[in-house]
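Chemist: The structure that follows is given in the form of structure tokens.
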Amino acid sequence: MILLRNLGFSRNGNALVEGASFQLHPGWKVGLTGANGCGKSSFLALLRGELPQALLPGTNTTIGVIATDARLTKAQAQRLALAAHDGLARGIFPAHTQLDGDTLFALGTGASGKQASLLLLAALAAEVTARATLRAVQAARSITTSEGLHLPSMADLA
């Protein structure tokens, strides 16, 4: 039999697991369910005698759109979106990991009626993406999840 009473673990003042108690008898099969972020993985890590992992860098997703009033073919739009990813790499580290879903789209409205230089558009796409990433980080505000996990913003850390 496994008996556990009042298991708790906190990181940076935030309770990840609090007041967990239970007993398991030989042969019992148990499932662990709960909302994302409620502490299931932290709880299992503690049962294994390990410390729960902190939030891992490189596991976030960035989505964006690069738009121009120039005329673009489908191939040019794809190339423009690809070039804009360089801007993500300038502002996010690590960028383009196997754990994130970074996706940028490009579109040309054609409203100007002009065909712009793809080389110029690609260079500008990377630059505006880098600047937009920085502005987003600067504008972000801290949040605390319903589970009590505090995610500080740059403004709070400065």
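Chemist: Just give me the residues in region 101-142 being out of contact with any Leu (no Cβ under 8 Å at 6 or more places or on another chain), within 26 Å of Ala158 (Cα to Cα) and not basic (Lys, Arg), in sequence order.
Modeler: Those that are out of contact with any Leu (no Cβ under 8 Å at 6 or more places or on another chain), within 26 Å of Ala158 (Cα to Cα) and not basic (Lys, Arg): Glu127, Val128, Ala132, Leu134, Ala136, Val137, Gln138, Ala139, Ala140.
Chemist: Output the number of residues of region 110-128 satisfying the condition of being without any contact (Cβ under 8 Å) to a residue 40 or more places away in the chain and under 15 Å from Val65 (Cα atoms).
Modeler: Total satisfying the criteria: 1.
Chemist: Right, another one. Could you check, for region 62-75, whether at least one of its residues is over 20 Å from Gly148 (Cα atoms), part of a helix (DSSP H, G or I) and modelled with pLDDT of 75 or more?
Modeler: Here is the first cut: in region 62-75, the residues over 20 Å from Gly148 (Cα atoms) are 62-75.
Then keep just the ones that are part of a helix (DSSP H, G or I); that gives 74-75.
Cutting the leftovers down to modelled with pLDDT of 75 or more gives us 74-75.
For region 62-75, residues over 20 Å from Gly148 (Cα atoms), part of a helix (DSSP H, G or I) and modelled with pLDDT of 75 or more: present.
Chemist: A follow-up question, please. Report yes if Gly148 is surrounded by 11 or more Cβ atoms within 10 Å (Cβ to Cβ), more than 18 Å from the chain's Cα centre (by Cα), over 21 Å from Asp69 (Cβ atoms) and small (Gly, Ala, Ser), otherwise no. So that I can check it myself, show each step before the final result.
Modeler: Details: surrounded by 11 or more Cβ atoms within 10 Å (Cβ to Cβ): yes; more than 18 Å from the chain's Cα centre (by Cα): yes; over 21 Å from Asp69 (Cβ atoms): yes; small (Gly, Ala, Ser): yes.
Taking the combined requirement at face value, the residue satisfies it.
Chemist: Follow-up question, since we're still on this one. Can you pull out the residues in region 88-124 that are assigned to a helix (DSSP H, G or I), buried (at least 19 other Cβ atoms within 10 Å of the Cβ) and at pLDDT below 95?
Modeler: Passing the criteria: only Leu88.
Chemist: Same structure again: Filter region 129-145 down to the residues that are in contact with a helix residue (DSSP H, G or I) (Cβ under 7 Å, 6 or more places away or on another chain) and in contact (Cβ under 8 Å) with a residue 60 or more places away in the chain, then identify the one that is surrounded by the most Cβ atoms within 10 Å (Cβ to Cβ).
Modeler: Checked region 129-145; the qualifying residue surrounded by the most Cβ atoms within 10 Å (Cβ to Cβ) is Thr129.
Chemist: For region 73-87, which residues satisfy the criterion of being surrounded by fewer than 21 Cβ atoms within 10 Å (Cβ to Cβ) and closer than 14 Å to Gln115 by Cα?
Modeler: Thr73, Lys74, Ala75, Gln76, Ala77
The values are calculated or read from the model by the stated rules, or taken from the named source; none is laboratory data. Treat the numbers as computed from the prediction; the structure is a model and nothing was measured. A quick note on method: Cβ atoms are made from the backbone with ideal geometry, for glycine too, and the neighbour counts reach across all protein chains shown.
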